[in-house]
1. Report the gain in length on full extension from Met1 to Glu24: 0.36 nm times residue separation, minus Cα-Cα distance, nm rounded to one decimal.
2. Sort 40-51, 22-33 by the packing proxy (mean of other Cβ within 10 Å over each peptide's residues), most packed first.
3. Taking the Cβ of Thr108 as the center, what net charge do the other residues with Cβ under 11 Å away carry, scoring Lys and Arg +1 and Asp and Glu -1?
4. In whole Å and largest first, what semi-axes does the C-alpha gyration tensor of segment 1-57 yield when each eigenvalue is scaled by 5 and square-rooted?
5. Take the Cβ-Cβ distance between Leu93 and Val191 as r, set R0 to 22 Å, and report the resulting FRET efficiency rounded to the nearest 0.05.
6. Rounded to the nearest 0.05, what FRET efficiency do Phe113 and Ala83 have when you use their Cβ-Cβ distance and R0 = 35 Å?
Amino acid sequence: MAVLVGVYILVGGIIGVVIQPSMEEFIESVREGTLDFTLTKPEEAQLLVSIQDVDIWEGLNILLGLGVLGVALGRLGENVGWAQAAAFGVMLLAGAAIVYAFWLILATLSFWFLRIENILVIFQSVYEAGRWPVTIYPGWLRFGLTLIVPVAFAVTVPAEALTGRLDWPTALAAIGLAALLLVVSRVVWRVGLRRYSGASA
């Protein structure tokens, strides 16, 4: 449980530092037509949109999450080997990629709909379910937290990797889902850009 809580706080900190503020800024720029300034720059627009706003104070949650993980690793002692640590790192990256891609897909809906902030609030509320192991939820909710809103891959799977409870099919599914969502988010982004008229229209 300590590992799970640590991962939950850590991933939440990553979301709070750059993903959430950048996506909220992106939605606002689409609404106001000021995305033009980003699109005219020589760098990749999706990258600029994804890192345009940073909330440095949310970094405290990253430090807190690392602290909780440190305490958890101290309790696990020698039970954590290099293989588990490497698997944890890969699953944490996959989880972060899944969360980023999911947020980008939701934020890109602003090209079609004017007000989508409520969707982001709902996602934040659903993410809070990740503080508990996904296995404690009933089947229908477990399915939702795994495939519809992939919170389980962002929190539970990295925790399972660190504690040696992760199986290969789940690990491959996490990597595959991360790759798929990154591709889908890129496609949705490109399609959405074609609908953007901007302030100059």
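1. On the way: separation 23, 0.36 × 23 = 8.28 nm, distance 3.14 nm.
Gain on extension, Met1 to Glu24, equals 5.1 nm.
2. Details: 40-51: 12.6, 22-33: 18.5.
Result, highest mean first: 22-33, 40-51.
3. Working: positive: Arg186, Arg190, Arg195; negative: none.
Result for the local shell: +3.
4. On the way: eigenvalues 171, 24, 12 Å².
For segment 1-57, the semi-axes come out at 29, 11, 8 Å.
5. 0.25
6. On the way: r = 45 Å, r/R0 = 1.28.
That pair, Phe113 with Ala83, gives E of 0.20.
Here, each number is a calculation from the coordinates, and none is a lab measurement. Here the structure is a predicted model, which is why all the values come from computation and not from measurement. With ideal geometry, Cβ positions are generated from the backbone for all residues, glycine too; neighbour counts draw on all protein chains shown.
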